[in-house]
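Taken together, the values in this text are just the output of simple stated rules run on the coordinates, not laboratory data. Note that the structure is predicted; figures quoted are calculated from it, not measured. Cβ atoms come from the backbone with ideal geometry, glycine included; neighbour counts cover every protein chain shown.
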Amino acid sequence: MTFTTGATLLDAVVLAIVSEENEGTYGYKITQDVQQVLEISESTLYPVLRRLQKNEFLDTYDRQYDGRNRRYYKITKEGVRKLEYYREEWDNYSGRITQCLKGEVGV
């Protein structure tokens, strides 16, 4: 991808992906889903998950899977509010950028 991805956009994408699963989802699956949209490494994602958890946008819980614990991430009510804010901001931002790139600014 030609364009760089900032922390805010990455936060929004992660929240959107986690919000799709009512019971939450685990880190590796989140990484795989994000990588379908953005070019990031697995090592980039885990600090994002920790930051979103610290900001109380995600909760975590552990569940046994094949004899070991798997950490699951679930969006909180505050995370849902933040995601809605990101969605509104994205609609405005992407619309303005699209207009600019199509030469429709000031027309």
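Would you confirm, using the coordinates I've provided, whether residue 38 is part of a helix (DSSP H, G or I), surrounded by 14 or more Cβ atoms within 10 Å (Cβ to Cβ) and touching a helix residue (DSSP H, G or I) at 6+ places or on another chain (Cβ under 9 Å)?
Values: part of a helix (DSSP H, G or I): no; surrounded by 14 or more Cβ atoms within 10 Å (Cβ to Cβ): yes; touching a helix residue (DSSP H, G or I) at 6+ places or on another chain (Cβ under 9 Å): yes.
Here the answer is no, as residue 38 does not meet what is asked.
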For the range 46-97, enumerate the residues that are of a type in the set (Ser, Thr, Tyr), within 16 Å of residue 10 (Cβ to Cβ) and not in a helix (DSSP H, G or I). 73
Considering only the range 64-84, I want to know if a residue exists there that is among the polar types (S, T, N, Q) and in contact with a Gly (Cβ under 9 Å, 6 or more places away or on another chain). no
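Identify, please: which residue in the range 1-30 is assigned to a loop (DSSP other than H, G, I, E, B) and touching a residue at least 24 places away in the same chain (Cβ under 8 Å) and is, among those, surrounded by the most Cβ atoms within 10 Å (Cβ to Cβ)? Outline the logic, then answer.
Taking the range 1-30 and keeping what is assigned to a loop (DSSP other than H, G, I, E, B), we get 1-6, 20-24.
Next, from what is left, pick out any that are touching a residue at least 24 places away in the same chain (Cβ under 8 Å): 1, 5, 21, 23-24.
Working: 1: 8, 5: 15, 21: 16, 23: 8, 24: 18.
Filtering the range 1-30 for residues that are assigned to a loop (DSSP other than H, G, I, E, B) and touching a residue at least 24 places away in the same chain (Cβ under 8 Å), the one surrounded by the most Cβ atoms within 10 Å (Cβ to Cβ) comes out as 24.
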